[in-house]
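Since the structure comes first, as structure tokens, the remarks are kept for the end.
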Amino acid sequence: MKVLAVETATAWQSVALLDGERVLARCDQDAAGSHVRLLLPAIDRVFSEAGLVPAQLDGLAVSIGPGSFTGLRAGLSTVLGIRTITQLPLVVVPTLEGMAWNLRDALIPVCPVINSRRGELYWALFQWRGKDELERLMPEQVGAAADLGKQLTGPVIVYGEGWETEKEAIRAKAARTAILTEATAHMKPSAVSVGLAGLLRLSHGERAGLGISPLYVQRPEAELKYEQSGGTSPVVRREEKVARKLRNRLVMKSARGRGKV
């Protein structure tokens, strides 16, 4: 089964063509802020290298998030456009799950970590139970490095750009029982891993629907606004907003009344 796989959740853009587990062609590059400009040329490049055209594929796979909002939208919209033209089946792969496929031989839980745009981290925890059986021990989370550290309580392989930038802060808050092993390779999100996960989904008959959108794992907006306001609750903010509106209306009404005298 031949698939085109696209990974644009981070600044590291990855595109690959796979025939089963065999990689026919791939293109990996730093595309920070340039996914929209670089993605289509990268896709053209892998098709040219593999000597294929989209009509010869059996399916499409794309990373769905969490990650860079701009990157995810670029990747998803591009692959959706290809689906529209070719009518190929499409599957979506959560970004962190795709990264777990980087370490298919791991005997202990794996914890991929990437950076969030708000200076926080995204992470999840997985355990391989067999070559193609991946168990999700912890769903996608977002928070500070300390929050991740507190959730690590046993042996685990931690890796990814988020780990690289915040490893000291994560280690500082990890439990005494935590044994953190650092992966020395396979740190970046990979279209090859997205493709492998996508092939399994396609074989199970999974198909993405028409109304799909990126997986944005973010702290509730109300919580963020509460912090930014210095601790003012949403109810109080709403009350103040209404009061300001009513005050302005009364001032305008009074001014109109004086003008008639």
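Here are the numbers for this structure:
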item	result
Charge dipole (the range 82-215, unit charges on Cβ, about Cα centre) - positive-most of 153, 86, 113	86
For peptides 21-30, 65-74, sequence by mean Cβ density within 10 Å, most packed first	65-74, 21-30
Where the Cα pairs of the range 1-116 fall when distances are cut into 5 Å bins, in %	2, 12, 22, 25, 20, 12, 4, 2, 0
Most to least packed among 36-47, 192-203 [average Cβ atoms within 10 Å]	192-203, 36-47
5 angstrom amide H check on residue 179, placed H, neighbours 5+ away	154, 156
By average C-beta atoms within 10 angstrom, highest first, the peptides 8-16, 50-58	8-16, 50-58
Within the range 122-196: Cβ-based charge dipole about Cα centre, in debye rounded to nearest 20 (Lys, Arg +1; Asp, Glu -1)	220
Residues of the range 142-189: accessible area per residue with a 1.4 Å probe, Å²	53
Normalised per residue, the volume of the convex hull around the Cα set of the range 147-194 (Å³)	81
Amide H within-cut-off set for residue 116, under 5 Å, with H built and near neighbours excluded	121, 122
For the range 50-99, accessible area per residue (1.4 Å probe, heavy atoms of protein chains only), Å²	33
Values of log10 I(q)/I(0), in the order q = 0.21, 0.24, 0.25, 0.31 Å⁻¹, for the range 115-157 under a Debye, Cα-only, solvent-free model	-0.74, -0.87, -0.91, -1.12
Global geometry of the range 61-106, whether rounded, prolate or oblate, following the gyration tensor of its Cα atoms and the 1.5 cut on a/c	oblate
Label-to-label distance, nm, for residues given as residue 169 and residue 30 (7 Å Cα→Cβ offset)	2.2
Share of carbon and sulfur in the accessible heavy-atom surface of the range 30-123 [1.4 Å probe, %]	55
Debye, to nearest 20: dipole size of the range 1-70, +1 on Lys, Arg Cβ, -1 on Asp, Glu Cβ	100
Karplus 3J(HN,Hα) series, Hz, for the range 106-114 with 6.51 cos²θ - 1.76 cosθ + 1.60 (x for Gly, Pro)	5, 9, 10, x, 10, 10, x, 9, 10
Total charge dipole magnitude, the range 75-130, about the Cα centre, Cβ charges on Lys, Arg, Asp, Glu only, Debye to nearest 20	100
Relative contact order of the range 46-103, defined on C-alpha pairs under 8 angstrom at six or more residues apart (%)	43
Percent antiparallel among DSSP beta bridges (both partners in the range 1-139, rounded to 5)	70
Shape call, the range 19-71: gyration tensor on alpha carbons, a/c limit 1.5	prolate
Long-range HN-HN contacts of residue 31 with modeled amide H, under 5 Å	12, 13
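The values are calculated or read from the model by the stated rules, or taken from the named source; none is laboratory data. This structure is a prediction, so every number in the text was calculated from the model and none was measured. Note: ideal-geometry Cβ built from the backbone for every residue, glycine included; neighbour counts use all protein chains shown. All accessible areas refer to the heavy atoms of the entire protein, side chains included, with ligands and DNA or RNA removed. Shrake-Rupley method; radii C 1.70, N 1.55, O 1.52, S 1.80 Å.
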